[in-house]
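Shown next, in C-alpha cells, is the structure this report addresses.
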Amino acid sequence: MAGKPGSKLKLLYLLDILWHYSDEDHVLTAKQLCEKLEDYGVQAERKSIYTDIATLTQFGLDVINAKSPHRGFFMASRQYEIAEVRLLIDAIQAANFISNKKTIALKDKLYRLVSRSQAEDMQSQVFIENKLKCDNEEMYYIIDTINKAIRQGMQIEFSYKKRKLTKKMTTSNEEKKFMVNPYALVWINDRYYLICNNPKYDNLMHTRLDRMKKIEILEEKARSFAEVSEYKHVFDATDYASKMFNMYSGEVNQIELRCSNSIIDEILDRFGSEMPLKADGDEHFVIKVQAAVSEGLVSWLLQY
C-alpha cells in the first residue's frame, strides 16, 4: 500500500525544518521536530526522528545532537557562513548597477542561506536605501546576453543612454546605437563595465552596463582581442582594469611617481604591495608603474 503523500517526503521536510528553524542558539528536540512535521502533514514518532537525523548526517550534513545548555538538534554549518552572507548582502547593497528592486530580491534569496533567526538578526540592522542605484531592470538579461556573446565569440548591438546638459541647465537623455566586439566584464568602483572594441577603431573601449538597453547578439563573428590589445592568448581583464583610473581610456605607459612617505598605504593599495620602491631622501619614495595616461589618472593624482 502506498503511504500518505507526505510520508515519502518526510526526510526532505525534516531537512527543511532544521535548515530554517535551527542553529546553535535555537535547538529543536525530537518532540518539537515531530510537531513541525505535522505542519507539513506528516505524522512521525520520536524514535524515527533519530533514525532520520542519522541518515542526514551519513549523507554529509552537519546536524549536531546538543546536550547542553539545551538538549536538541540543530544545523551546525551551512554552505555559507554568516559572515560570508553578510559580505554578499553588503556588496549587493553597495553595487550601484543593481536596481533597488533587484537588490531586495537578491537579499531575500541570500537570507535563505541561513536560519530564519540569523536572517532576522541581519534584517534588524540599519538599512539605508541607496539613492544612487540605477533603474535599469534589464541588467540580468544584459549580463546573460553579454556572457553568451563572449562565450560564442559573436558581436553584440545595443542602445546606449547618456545624459546631456541643456542650455537651461537641465539634463536630457540621448540614446546611440553601438555595435561592438565584447571581451570581458569588470566590476570597478561599484560600476559594471563591458570591455569591448568598436569595429571602426583599433583600440579598446568601456561601456557601463546600467546604461545599456535593447541588447542583442549579432550573426557576425567578433574581432579577436589580439588585434586591438596587448593580450594575445587570454584577455587579462584584471591586469587591464588595474591600469585604468576611474575607467578612463588612455595609452598605457610606464610612469614614475615621486610620493610622500605619508601616502605609502594608498599607493600600495592601488598598485600592489609587491611593487618595488626606491627611497628619494628621508621623506619621499619613487615608484614606477604601468598605467593608462588619462584624465582619470590626473584626477586620481590630484587628490593627493
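For this structure, a couple of remarks:
- The length gained on full extension between LYS232 and ASP62, counted as 0.36 nm times the residue separation minus their Cα-Cα distance, comes to 56.5 nm.
- The spacing between the range 192-225 and the range 11-61, judged by their C-alpha centroids, is 52 Å.
- Length gained when the stretch SER299-TYR140 is fully extended (0.36 nm per residue, less Cα-Cα span): 54.0 nm
- The HN-Hα couplings worked out from phi for the range 275-284 by the Karplus form 6.51 cos²θ - 1.76 cosθ + 1.60 (θ = phi - 60°) are 5, x, 10, 10, 5, 9, x, 7, 10, 9 Hz, whole numbers, x standing for Gly and Pro.
- Kirkwood Rh, angstrom, the range 1-148 [1 / mean 1/r, Cα pairs]: 17.8 Å
- Pairwise alpha-carbon distances in the range 1-78 exceed 20 Å for 25% of all pairs.
- Among the protein heavy atoms of the chain, carbon and sulfur supply 51% of the accessible surface, probe 1.4 Å, non-protein parts ignored.
- Length released on extending from GLU274 to GLN152, taking residue separation times 0.36 nm less the Cα-Cα span: 40.3 nm
- Listed by chain and number, the aspartates and glutamates whose C-alpha is less than 16 Å from the C-alpha of LYS243, apart from same-chain residues fewer than 8 away, are GLU230, GLU251, GLU256, GLU266, ASP269, GLU274, GLU295.
- Each of HIS26, HIS206, HIS284 has its accessible area taken with a 1.4 Å probe; listed largest first, they run HIS26, HIS284, HIS206.
- Cα-based helix-to-principal-axis angle, 46-59 vs the chain, degrees rounded to 10: 30 degrees
- More than 31 angstrom apart: percent of Cα pairs within the chain: 55 percent
- In range of the label at ARG71: residues from the range 30-63 whose backbone nitrogen is under 12 Å from the point 7 Å along Cα→Cβ: 30-31
- If you sort ILE89, ILE217 by accessible surface, 1.4 Å probe, largest first, the order is ILE217, ILE89.
The values are calculated or read from the model by the stated rules, or taken from the named source; none is laboratory data. If you're wondering where the values come from, they're calculated on a predicted model, not measured in any experiment. Neighbour counts are summed over all protein chains in view; Cβ atoms, including those assigned to glycine, are modelled from backbone coordinates with ideal geometry. Please note that ligands, DNA and RNA were not included when accessible areas were found on the heavy atoms of the full protein model with its side chains. Shrake-Rupley method; radii C 1.70, N 1.55, O 1.52, S 1.80 Å.
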